[in-house]
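Quick notes on the structure that follows.
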Amino acid sequence: MGRSGLLVVGGGLSLAAAALHLACIAGGPAWYRFFGAGEGMARLAERGDWRPAAIAAAIAAMLALAAAYAFSGAGLIARLPLLRTGLVVISAIYLLRGLVVLMPSALGRADLSRGFLLWSSLIVLAFGIVHAVGTARIWKSL
């Protein structure tokens, strides 16, 4: 894998996560439950409330933007504005979200299971590591 290969992988991971968020909208309440959005979100979706879909779509859009920045850093698409800053911020967000499992207050959330918090945090932490290391590898060329 070349110097920018990890950013290609990171972009792919972000796109996959965006697609899963959109799939939850299409899949409905059962998908919100399965992917750990919480019972409150699933119940809102059951009632036809617009908020679960809007939240999932907004998250999908942010993940797609993260993918675009990773692909831009890898040289697959045109250079995006504030590329260095964007890659650092995206890496930091993923890493901080991944570490949320270490926060006692997060473990006390009744709407999210401990299992969900653990595995989702580990997945997002891996995303953050891939983005951060990928960014570090190409830093001088940015």
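Only the coordinates and a few stated rules stand behind these numbers; no lab work does. Note that this is a predicted model, so its numbers are computed, not measured. As a convention, Cβ positions derive from the backbone with ideal geometry for all residues, glycine included, and neighbour counts pool all protein chains shown.
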(request) Could you list, in sequence order, all residues of region 35-76 that are farther than 30 Å from ARG3 by Cβ, free of Cβ contacts under 8 Å to residues at least 24 places away in the same chain and in contact with a Leu (Cβ under 7 Å, 6 or more places away or on another chain)? (result) PHE35, ARG51
(request) May I ask you to list pairs of residues, at least six apart or on different chains, whose Cβ atoms are under 7 Å apart, with the first in region 116-139 being closer than 12 Å to ALA74 by Cα and the second being among the aromatic types (Phe, Trp, Tyr)? (result) HIS131/TYR94
(message) Can you say whether LEU95 is surrounded by fewer than 19 Cβ atoms within 10 Å (Cβ to Cβ), in contact with a His (Cβ under 9 Å, 6 or more places away or on another chain) and within 17 Å of VAL9 (Cα to Cα), as far as the supplied structure shows?
(response) yes
(message) Among the residues of region 77-92, what is the count of those that are exposed (fewer than 12 other Cβ atoms within 10 Å of the Cβ) and either of a type in the set (A, V, I, L, M) or part of a helix (DSSP H, G or I) (or both)?
(response) 3
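Listed here are the residues, each with its yes/no results for (1) in contact with a helix residue (DSSP H, G or I) (Cβ under 7 Å, 6 or more places away or on another chain); (2) not in a helix (DSSP H, G or I).
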| site | (1), (2) |
| --- | --- |
| ARG3 | yes, yes |
| ILE25 | yes, no |
| ARG43 | no, no |
| GLY98 | yes, no |
